[in-house]
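J.: One structure follows; several queries about it will come next.
The values are calculated or read from the model by the stated rules, or taken from the named source; none is laboratory data. As the structure is a computational prediction, the values presented were derived from the model and not from experiment. All Cβ positions, glycine included, derive from the backbone under ideal geometry; neighbour counts span all protein chains shown.
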Amino acid sequence: DVKVTQSSRYLVKRTGEKVFLECVQDMDHENMFWYRQDPGLGLRLIYFSYDVKMKEKGDIPEGYSVSREKKERFSLILESASTNQTSMYLCASSLSARSQPQHFGDGTRLSIL
Amino acid sequence: ILNVEQSPQSLHVQEGDSTNFTCSFPSSNFYALHWYRWETAKSPEALFVMTLNGDEKKKGRISATLNTKEGYSYLYIKGSQPEDSATYLCAFLLMDSSYKLIFGSGTRLLVRP
């Protein structure tokens, strides 16, 4: 079974802090994704990575950056956290971004005070 | 703006009832349709990836159909059980997108014992 592990289930940070959300997958998948989920909205893609050091912006990349130094790890960085970044963050990986399902982590519920 | 609509937003049924819900998506430029089940406090789990018009897929008591010409997919649950209680997400992938799934906001199913 594919395992996607997110470093924290719950996180509370302050406005202006730099925040790191970590995601690790154990299936040697090329493709990794970061989403956020807000009430009443579908999952929205923040960033996508198709290989080490390779990334593509999703629909809502503003205020975020990512790092993929190793194939198994994909980090989401909030450069200077703001209250409107309070949300549920989900990481996913897939073998093929087009034809295979995505495998998700349990999510990190992030609150910015 | 491309949109995926899921209906109903929420549904309460009795144990043993059969139920179905709808995912509507733009019919042009279609590549694939994904269904996921997301139970509370767990990670979203892939149910189906469907690509061909007329596709029908089945997993236990859950099945799905796909109509790409008119832009909809139905998810059916036969004899609902309390453990089927979850949010069901659909997402579609455009032909000219290499990776970006567009998610609906989900149908929240509650099965009463």
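J.: Residues being in contact (Cβ under 8 Å) with a residue 40 or more places away in the chain and within 11 Å of another protein chain (Cβ to nearest Cβ): count how many of those fall in the stretch A:56-75.
T.: Residues that pass the stated criteria total 0.
J.: I've got another one for you. Could you please let me know if B:S43 is closer than 18 Å to A:L45 by Cβ, surrounded by 17 or more Cβ atoms within 10 Å (Cβ to Cβ) and of a type in the set (S, T, N, Q)?
T.: When the stated conditions are applied, B:S43 passes them.
J.: Now for a different question. Name the single residue, out of those in the stretch A:15-36 being at pLDDT below 95 and buried (at least 19 other Cβ atoms within 10 Å of the Cβ), that is farthest from A:L110 (Cα to Cα).
T.: A:H29
J.: Consider only pairs whose beta carbons are under 8 Å apart and that are at least six residues apart or on different chains; among these, list those whose first residue lies in the stretch A:2-18 and is in contact (Cβ under 8 Å) with a residue 60 or more places away in the chain and more than 14 Å from chain B (Cβ to nearest Cβ) and whose second residue is part of a strand (DSSP E or B) and of a type in the set (K, R).
T.: A:L11/A:R109
J.: While we're here: Looking only at strands (runs of 3 or more DSSP E) that lie completely in the stretch B:30-113, which have at least 2 residues being at pLDDT 95 or above?
T.: In the stretch B:30-113, B:30-38, B:45-50, B:56-59, B:62-67, B:72-77, B:86-94, B:107-112 are the strands (runs of 3 or more DSSP E) which contain 2 or more residues that are at pLDDT 95 or above.
J.: Regarding B:S73, is this residue among the polar types (S, T, N, Q) and within 16 Å of the chain's Cα centre (by Cα)?
T.: The answer is yes for B:S73.
J.: Can you tell me which condition A:M88 does not meet? The list is (1) hydrophobic (A, V, I, L, M, F, W, C); (2) part of a loop (DSSP other than H, G, I, E, B); (3) within 11 Å of another protein chain (Cβ to nearest Cβ); (4) surrounded by fewer than 20 Cβ atoms within 10 Å (Cβ to Cβ), and all the others hold.
T.: Failed condition: (2).
J.: Would you check if there is a residue in the stretch A:40-55 being within 14 Å of chain B (Cβ to nearest Cβ), loosely packed, with under 14 Cβ neighbours inside 10 Å, assigned to a strand (DSSP E or B) and not charged (D, E, K, R)?
T.: yes
J.: Just name the residue that is farthest from B:N3 (Cα to Cα) out of those in the stretch B:26-48 that are of a type in the set (D, E, K, R) and within 8 Å of chain A (Cβ to nearest Cβ).
T.: B:K42
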